[in-house]
Amino acid sequence: MSDLNSLLEPGMLVRHPEQPDWGIGQVQSNIGGRITVNFRETGKMVIDANRVALLPVIEDR
């Protein structure tokens, strides 16, 4: 769905565009179109990169 998903690497922060209540998630792995993300509010989820374009998050520290 999104070429941007292929650029996501472990440690990067993302949001799920259709699930804002999940909060910000940290990418754990990105293998073969399956992106594992640990979301603050929901926990670990496996996202199908062909169906969902995750949104990168830039946080000020």
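Scan region 6-61 for GluC sites (Glu not before Pro) in coil per DSSP, keeping those whose Cβ has at most 10 other Cβ atoms within 10 Å, and list them by number.
Working: sites: Glu18, Glu41, Glu59; in loops: Glu18, Glu41, Glu59.
Here the sparse-neighbourhood loop sites are Glu18, Glu59.
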Study note, to complete from the structure: Full extension between Ser29 and Leu55 adds, at 0.36 nm per residue less the Cα distance, a length in nm of 7.8 nm
Study note, to complete from the structure: So the pair-distance distribution of the chain, from every Cα-Cα distance in 5 Å bins, comes to percents of 4, 22, 35, 27, 10, 2, 0
Review point. So, with +1 on the Cβ of K and R and -1 on the Cβ of D and E, and no other charges, what is the size of the charge dipole of region 3-56 about its Cα centre, to the nearest 20 debye?
Key: 120
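Each value in this text was obtained by applying a stated rule to the coordinates, not by laboratory testing. Small disclaimer: the values here were computed from a predicted structure and weren't measured. With ideal geometry, Cβ positions are generated from the backbone for all residues, glycine too; neighbour counts draw on all protein chains shown.
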